[in-house]
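Asks: I have a structure here, written as structure tokens, and I will follow up with some questions on it.
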Amino acid sequence: MHMRIRRGEFERIRTVLSEADPDEPMTAKEILALLDEHGVEFDSAHRVATVLGRRAERGDVEVIREQPYRYRLGENT
């Protein structure tokens with residue numbers, strides 16, 4: 001089953017991460033907590049990872065494949 005990325009999900013994540021400007025790549029769970037702190041609702045850390053993983057295919061996100069995976073927005077986002 002192919003899940004579609006709902007319009008605006010990546011933009012909401014990108015906006016919050018841009019405002020927070022983290023020094024280090026973050027896990028999906030950490031990003032979910034940050035979204036919550038900023039009043040941005042998201043279904044789950046799994047959903048955050050799905051959105052960011054799909055954008056990584058386009059080069060918008062760097063995925064650091066350690067355990068757990070960490071994510072960093074690309075320079076051009």
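Asks: Working only within the stretch 16-37, note down all residues that are surrounded by fewer than 16 Cβ atoms within 10 Å (Cβ to Cβ), modelled with pLDDT of 95 or more and of a type outside the set (D, E, K, R).
Replies: If the condition is that a residue be surrounded by fewer than 16 Cβ atoms within 10 Å (Cβ to Cβ), modelled with pLDDT of 95 or more and of a type outside the set (D, E, K, R), then Ala33 is the only one that fits.
Asks: For a quick check of your reading of the model, give me the residue pairs whose first member lies in the stretch 9-36 and is within 15 Å of Arg70 (Cα to Cα), whose second is charged (D, E, K, R), with beta-carbon atoms closer than 8 Å and at least 6 apart or on different chains.
Replies: Short answer, once both residue conditions are applied: Glu24/Arg70; Pro25/Glu62; Pro25/Arg70; Pro25/Arg72; Met26/Arg70; Met26/Arg72; Thr27/Arg70.
Asks: Restricting to the stretch 38-60, name every residue that is of a type in the set (Val, Ile, Thr) and surrounded by fewer than 16 Cβ atoms within 10 Å (Cβ to Cβ).
Replies: Correct list: Val40 only.
Asks: May I ask you to say which residue of Arg47, Arg54, Arg58 is within 17 Å of Gly8 (Cβ to Cβ), outside any helix (DSSP H, G or I) and among the charged types (D, E, K, R)?
Replies: Arg58
The values are calculated or read from the model by the stated rules, or taken from the named source; none is laboratory data. Note that this is a predicted model, so its numbers are computed, not measured. Neighbour counts run over all protein chains shown; Cβ positions are idealised from the backbone, glycine included.
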